[in-house]
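Working notes for the structure below.
The values are calculated or read from the model by the stated rules, or taken from the named source; none is laboratory data. Since the structure is predicted, the reported quantities are computational estimates derived from the model, not experimental observations. Quick reminder, even Gly has a Cβ in these numbers, built from the backbone with ideal geometry, and neighbours come from all protein chains shown.
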Amino acid sequence: MRQTLKAFTLVAGAFAGGLIGGSSIVRSAWASATDSYDGLNTLARAMTTIESSYVEELQTLELVHAAVQGMVDDLDPHSVWLPPKEYQRLQERADGRYLGIGIELGAFGEASPVIDRVLPRGPAALAGIQPGDLLVAIDGGEVSTLTSAEVLENLNGPQGASVQLTLLRGGVPVNLTVVRDEVLEISVEGELLEPGWGYLRLKHFSRRVATETDLALSRMARDQPLNGVIIDLRDNPGGLITEAVELVDLFLSEGLIVQTRGRDASQIESFEATAEASDRSTLPIVVLVNGGSASASELVAGALQDTGRATIIGASTYGKGSMQHVYEFEDGSALKLTVARYYLPGGESIEPGVGVTPDVEVTLQSAPDQLRALKEAVAELSISTSDRQRLEAMVDALPLRDSASTTSPPWTGTLAERLEADSQLQAAWEHLRSER
């Protein structure tokens with residue numbers, strides 16, 4: 001309506017001028033008002049032609065959504081059209097609550113995915129599912145035939161509805177019934193490596209992440225002040241920029257955290273640190289990142305790096321230095337549109353495909369390398385031939401992550417077990433203690 005009114009005002013004004021200055025002004029104003037929308041006639045004709053003549057019957061709303069999807073696909077990788085169901089999932093993700101069973105799966109390859117994590121007190125935990133279980137089938141359908149999106153779709157569902165899962169645990173099939181319920185996803189995990197030395201894993205930047213981080217730090221310092229903390233942002237895909245800014249502000253008392261810049265000068269916004277009595281502006285920090293650290297994670301790592309507040313260890317981040325705004329529509333769908341780019345305190349943006357470069361680069365051993373090392377260790381054991389063959393068979397049966405996930409850290413097991421197997425975490429721990 002606003003655009004129509006604007007066009008009408010332009011035309012009406014030009015018509016009045018035309019009474020004095022001639023009809024050419026009217027024609028010029030009319031062309032100016034309508035040129036931008038000439039394509040709508042083509043779009044409308046294409047839609048009505050498809051709707052009336054396509055071999056299968058289609059709903060108008062389907063065609064509208066498909067047209068919008070086509071427009072958005074040509075913009076950038078991070079602008080996304082969200083149909084109603086997908087938008088609902090995005091909102092649930094931001095709130096940290098969703099309907100499901102409360103598990104996190106490892107990489108999807110040809111083999112069954114490993115259950116990396118079972119959320120405490122969630123439906124899966126109550127049903128007896130354990131980290132390390134292999135997910136073989138959902139309601140009788142083999143997982144190996146499904147895409148990752150289809151697996152998640154089948155696991156989630158209405159509250160109170162049950163789902164039958166077939167798992168492999170130590171090579172033995174296990175059948176369990178899980179009743180779906182609301183799951184509260186814990187975005188921040190904090191524990192002590194040793195008294196006085198903290199470890200925080202931030203899984204994504206949903207609402208209250210900064211508050212949860214503040215509380216976790218306070219809990220870890222209850223018996224003894226913290227000498228330093230590791231903030232693990234590996235495999236953290238990002239989330240809310242407001243939470244990322246508040247998180248950085250926990251460790252700064254002044255200065256620029258980040259600046260966002262849109263398409264013109266009126267769309268520049270600066271986020272500054274605020275001085276609080278609870279600021280941890282002198283607490284030594286090491287931040288862990290990898291190629292799965294994106295968006296808000298990169299903002300946090302880059303801001304703490306540029307201000308000299310943290311040492312960044314690991315591998316280069318994903319490279320997503322843009323901010324998206326979500327525009328909601330009446331039918332429940334939404335448009336997540338790139339509206340600005342991040343600029344760090346040093347003045348640089350986060351370049352696509354480049355990301356934040358760590359101060360100390362440490363690579364993780366890939367799955368094939370780990371398998372080779374295991375085989376070499378088995379070959380050196382002083383055991384019988386039959387025992388050796390049995391061990392070799394067990395090693396060969398281990399599920400390997402696909403090549404895209406070989407840099408993902410081991411998330412299962414206790415923190416002490418992960419520290420022993422995780423070269424990046426070891427490097428962070430050694431560096432943190434050396435800074436004391």
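For Pro237, are the conditions met, namely being crowded, with 16+ Cβ neighbours inside 10 Å, over 26 Å from Glu276 (Cα atoms) and not acidic (Asp, Glu)? Yes. One residue stands out among those in the stretch 281-297 that are out of contact with any helix residue (DSSP H, G or I) (no Cβ under 7 Å at 6 or more places or on another chain) and in contact (Cβ under 8 Å) with a residue 40 or more places away in the chain: the one that is farthest from His431 (Cα to Cα), which is Ser295. Selection of the stretch 164-203 for residues being surrounded by fewer than 20 Cβ atoms within 10 Å (Cβ to Cβ) and hydrophobic (A, V, I, L, M, F, W, C) yields Leu168, Val172, Val174, Leu176, Val179, Leu184, Ile186, Leu192, Trp197. Within the stretch 406-436, the residues that satisfy the criterion of being modelled with pLDDT under 85 and crowded, with 17+ Cβ neighbours inside 10 Å are Thr406, Thr407, Ser408, Pro409, Trp411, Thr412. Counted as qualifying within the stretch 168-257 are the strands (runs of 3 or more DSSP E) with 2 or more residues that are within 23 Å of Ala427 (Cα to Cα), namely 188-194, 197-202, 228-232. Pull up the stretch 128-147, narrow it to residues that are of a type in the set (A, V, I, L, M, F, W, C) and either free of Cβ contacts under 8 Å to residues at least 40 places away in the same chain or surrounded by fewer than 18 Cβ atoms within 10 Å (Cβ to Cβ) (or both), then point me to the one that is farthest from Val179 (Cα to Cα). Of everything passing the filter in the stretch 128-147, Leu146 is farthest from Val179 (Cα to Cα).
Based on this model, can you work out whether Ile312 counts as buried (at least 19 other Cβ atoms within 10 Å of the Cβ), within 23 Å of Asp214 (Cβ to Cβ) and without any contact (Cβ under 8 Å) to a residue 60 or more places away in the chain? Yes; evaluated as a whole, the condition is true for this residue. Sub-9 Å Cβ pairs linking a first residue in the stretch 330-349 that is free of Cβ contacts under 8 Å to residues at least 60 places away in the same chain to a second residue that is among the polar types (S, T, N, Q) and assigned to a loop (DSSP other than H, G, I, E, B), at least 6 apart or interchain, are Gly346/Thr307, ordered by first then second residue.
All told, Arg93 meets the bar of being within 26 Å of Ile241 (Cβ to Cβ), at pLDDT below 80 and not assigned by TED's automatic domain parsing to the domain that holds Glu62.
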